[in-house]
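Taking it in order: structure first as structure tokens, then the write-up.
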Amino acid sequence: MRKHFAKTMLMILVMLTVLFASAFSAAAESNVYEVSTDVELNTALQTIASNTDTEATIVLKADLNAPVTGGGYTTTFGVDGKQITVKSDEGEMKKLSFPSYGVLNGDCTFDNVNVTGSRLFCNGYRTKFTENGQIHLSETLYGGGYKTTVNSTYVVIAASGYINPSSSSGLHDVIGGSYQGNVDGDTYLEITGDIKMQGGNHLNPGCMKGDGSSGDGRNVPDVYVGGNATLIYDNKNSTAASPAIEGTYGCEMRGDVTLDVRAGSVAGIVGTEEPLEESIIRGNLHIIAGNPAYENTDRILRLGSNWPIVGAGNSFALYPGIVGNYTVGGNITIDTYENAWAWDKGTEPTSYDLPEIYGALRGNVGGNITINANGSHVQNIFGASDSVVQGSVTVNATDVELKNSEYNTEYDEGYIFGLWERGVPATANGPVTVTVNGGDVGLVMATDQTTVPAGSSINVTGKPKIRTGIRGTQASSYSTEFPVANVYACEATIPFIKGMSQVNITNNSAVTAHIMTSNAGLMVEEGSTLTTDNGQVWIWGDTVINGTWEQLHSQTTNYNDIFVNGTTQIGSNGHLINHGTSNLSGAVTNNGVMALMGSAYLQNDYTATNGELRLPTIAPDANYNTGTIPVQIKGLSTGTTTVNTVDPADWQ
């Protein structure tokens with residue numbers, strides 16, 4: 001009997017040993033460590049550090065604290081050279097707390113856990129907070145180190161919760177780089193979760209000299225990011241977070257900077273914030289406001305108050321006493337989309353001071369500025385204001401809605417300016433190009449100054465609503481150095497077209513311009529029509545009509561309704577119809593139709609190849625009281641012209 005009992009106990013011990021060994025082996029093979037106490041968590045980290053595996057998973061079976069180091073001032077988590085994923089026991093959400101400043105010592109993925117603490121420094125390690133988890137930090141999260149330099153940073157926050165939710169916790173929400181330290185390589189910061197943050201606080205991919213409290217950054221060496229910096233902001237919490245997004249706030253960015261701001265609420269998006277001497281971007285700057293995937297949805301990028309989108313510079317740069325410009329050494333590109341709103345979607349603006357878009361505002365730009373606004377809803381768009389641009393300035397506005405509470409009043413804005421002077425002239429070495437494709441805009445100008453660089457143009461296409469007009473410059477007289485106006489594939493009524501070196505109506509356009517003055521040349525392509533109807537038209541250069549130009553205005557007192565200082569050419573399919581008086585100073589070539597319903601004075605030679613003149617039948621006391629049709633050709637008349645008289649009310 002005793003032998004049988006002993007044999008049975010031996011078998012049980014063997015089985016337990018096997019089971020224990022199997023369980024240990026399974027844990028070792030999968031590198032999964034289930035921990036229920038702070039001691040077990042610390043032991044698991046030590047075990048992970050000692051083995052050769054590069055990946056491990058820690059499962060929290062209770063709310064735990066990260067290990068305390070540094071005399072109680074910091075708590076640490078992670079293992080250098082290892083990727084650790086932290087999860088909660090199935091179906092639960094456990095806390096991993098950093099009671100003091102938290103510092104990560106390895107790559108970490110926080111899955112279905114609630115990370116809590118005050119400040120957290122990811123210390124240059126790849127850190128992910130997944131959409132299955134939560135994060136609750138009373139102060140700032142830094143992608144870089146605490147008073148140290150790291151190689152690079154990579155932080156993804158897809159979790160829900162809050163980071164720095166109150167004004168009592170410093171001026172920084174999330175920072176991609178280090179605190180009082182540098183990043184030698186790239187920084188990457190992505191926020192796509194549902195995160196509450198203190199409005200107006202800083203959010204950027206750079207490094208910080210201080211935490212925003214009084215005097216914290218004093219006597220701290222300048223900081224830098226040596227590589228490229230990327231920030232992606234797509235916050236699902238659009239009501240409880242409105243950070244100020246910057247490319248840099250007192251950090252030298254030695255590479256390119258990308259600010260990809262897709263949705264949520266923001267207190268402005270700027271490339272460079274104060275201090276001016278330290279906030280430098282050496283490379284290119286790319287700002288993306290909105291996202292094409294969110295067009296016409298409820299995923300809105302709400303631009304708060306009057307905080308603008310600015311490439312180089314910021315609105316504070318205009319304050320009294322501020323001297324100097326902010327530097328972006330490369331190109332600036334700003335892309336905005338339909339879900340970017342300066343007022344609440346579905347409403348009308350209630351303020352006359354709303355967010356605007358600037359390529360540069362008190363900036364020095366080493367390359368080109370390009371703004372591509374696609375369906376966005378803001379007050380105005382300026383390529384460069386009070387800035388120096390070494391390259392070109394391009395503004396492409398497609399289906400934008402530009403307005404404020406003064407919409408359609410005498411104080412209406414909706415400006416699109418290539419160069420704008422608010423106190424200091426804005427200059428560019430390359431051409432200024434403004435293109436309007438559809439949309440609802442006010443005044444479109446290449447510049448509000450008197451000159452622009454050679455090769456500048458204003459281009460209009462689609463079916464835009466242009467409420468005020470288009471103008472090349474603010475000069476008081478015409479010049480061949482003005483920009484060119486290209487109106488192509490366009491159906492629009494434009495209140496005025498002024499100050500252009502050349503106006504081209506092409507690609508089957510049908511355009512009405514109420515007023516055209518101070519333009520140096522005009523060309524209407526075959527298949528296109530131009531109608532003018534509210535004043536004398538002055539063309540100081542040459543006019544080429546291969547399509548149709550009809551001047552309806554016929555009431556100019558002591559002036560001619562059409563005045564062309566240069567030559568006038570009517571192509572074989574061209575029609576020039578003037579219901580008023582004509583004064584053509586240069587030579588006239590008519591191979592098409594000239595319908596002159598009022599008196600006409602051709603001061604130079606007239607040449608025609610199968611041309612046609614349509615002149616009104618004399619109606620005493622109705623049109624000509626002299627008894628003759630007053631068409632005078634002062635120069636030599638040659639070629640073949642058919643003259644037909646028509647009803648004065650119907651030139652056809």
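Rounded, prolate or oblate: which one fits segment 444-556, using the alpha carbon gyration tensor with axes a ≥ b ≥ c (rounded when a/c is under 1.5, else prolate when a/b beats b/c, else oblate)?
Judged from the Cα gyration tensor, segment 444-556 comes out rounded (a/c under 1.5).
Please list E421, E356, E55 in order of solvent-accessible area, largest first, computed with a 1.4 Å probe with all protein chains present.
Output order, biggest surface exposure first: E55, E421, E356.
Order I629, I163 by their accessible area, 1.4 angstrom probe, all chains in place, largest first.
On the way: I629 55, I163 0 Å².
Ranked list, largest accessible area first: I629, I163.
Within the chain, which is the longest segment containing none of the chymotrypsin sites (Phe, Trp or Tyr not before Pro) that sit in a DSSP loop and have at most 11 other Cβ atoms within 10 Å?
Formally, the longest exposed-site-free interval is 74-410.
What is the local net charge at W540, summed over the other residues whose Cβ is closer than 14 Å to its Cβ (Lys, Arg +1; Asp, Glu -1)?
So the surrounding residues net to -1.
What shape does segment 372-524 take by its C-alpha gyration tensor, where a ≥ b ≥ c are the square roots of the eigenvalues and a/c under 1.5 counts as rounded, a/b above b/c as prolate, and the rest as oblate?
Cα axes put segment 372-524 in the rounded bin.
Mind pulling the angle between the C-alpha long axis of helix 38-50 and the longest principal axis of the chain? Nearest 10 degrees, somewhere in 0 to 90.
The helix 38-50 is inclined about 80 degrees to the chain.
Counting only other residues whose beta carbon sits under 12 Å from that of G580, what net charge do I get with K and R as +1, D and E as -1?
-3
Taking a probe of 1.4 angstrom, what is the accessible area of K236 in Å², to the nearest 10?
120 Å²
If you keep only loop residues by DSSP, which trypsin sites (Lys or Arg not before Pro) in segment 433-473 have at most 16 other Cβ atoms within 10 Å of their Cβ?
Sparse-neighbourhood loop trypsin sites (Lys or Arg not before Pro): none present.
May I ask for the distance between the Cα centers of segment 496-559 and segment 241-272, given as a whole number of Å?
45 Å
Relative to the longest principal Cα axis of the chain, at what angle does helix 2-30 sit, 0 to 90 degrees, rounded to 10?
Value to nearest ten degrees: 20.
For S476, what accessible area in Å² do you get when you roll a 1.4 Å probe over the heavy atoms of the protein chains, rounding to the nearest 10?
Taking all protein chains as shown, S476 has close to 120 Å².
Out of residues 5 or more away from Y188 or on other chains, whose amide H comes under 5 Å of its own, with H placed 1.01 Å from N in the peptide plane?
Correct list: T153, Y154, V155, T230.
List the trypsin sites (Lys or Arg not before Pro) within segment 125-155 that DSSP assigns to loop and that have no more than 11 neighbouring Cβ atoms inside 10 Å.
Working: sites: R126, K128, K147; in loops: K147.
Passing sites in segment 125-155 are K147.
May I ask you to give the percent of accessible area on the chain that is carbon plus sulfur, with a probe radius of 1.4 Å?
Reported share for carbon and sulfur atoms: 48 percent.
List the residues, sorted by chain then number, that are 5 or more residues from T394 or on another chain and whose placed amide H is less than 5 Å from its amide H.
I369, T370, I371, T433
Going by accessible area, probe 1.4 Å, with all protein chains left in place, what is the ranking of R119, R218, largest first?
R218, R119
When ligands, DNA and RNA are left out and all protein chains stay put, how many square angstrom of accessible area per residue does the chain have with a 1.4 Å probe?
With all protein chains present, the chain gives 40 Å² per residue.
Report the net charge of residues surrounding M197, where surrounding means a beta-carbon distance below 12 angstrom and charges are Lys +1, Arg +1, Asp -1, Glu -1.
-2
Can you classify the chain as rounded, prolate or oblate using the Cα gyration tensor, where a ≥ b ≥ c are the square roots of its eigenvalues, rounded means a/c under 1.5, and otherwise it's prolate if a/b beats b/c and oblate if not?
Because a/c hits 1.5 or more and a/b exceeds b/c, the chain counts as prolate.
Using a 1.4 Å probe and ignoring any ligands, DNA or RNA, find the accessible area of S50 and quote it in Å² to the nearest 10.
Here the accessible area works out near 90 Å².
Near the amide H of G418, under 5 Å away, which other amide H atoms are found, from residues 5 or more places off or on another chain, if H is placed in the peptide plane?
For G418, the qualifying residues are G383, M445, A446, T447.
At what distance in nm do the modelled label points of Q603 and E277 sit from each other, each positioned 7 Å from its Cα along Cα→Cβ?
Spacing of the two 7 Å Cα→Cβ label points: 6.1 nm.
The values are calculated or read from the model by the stated rules, or taken from the named source; none is laboratory data. Since this is a predicted model, take the numbers as computed values, not measurements. In this analysis, Cβ positions are derived from the backbone assuming ideal geometry, glycine residues included, and neighbour counts consider all displayed protein chains. Keep in mind that these areas ignore ligands, DNA and RNA; they rest on the heavy atoms of the full protein, side chains included. Shrake-Rupley method; radii C 1.70, N 1.55, O 1.52, S 1.80 Å.
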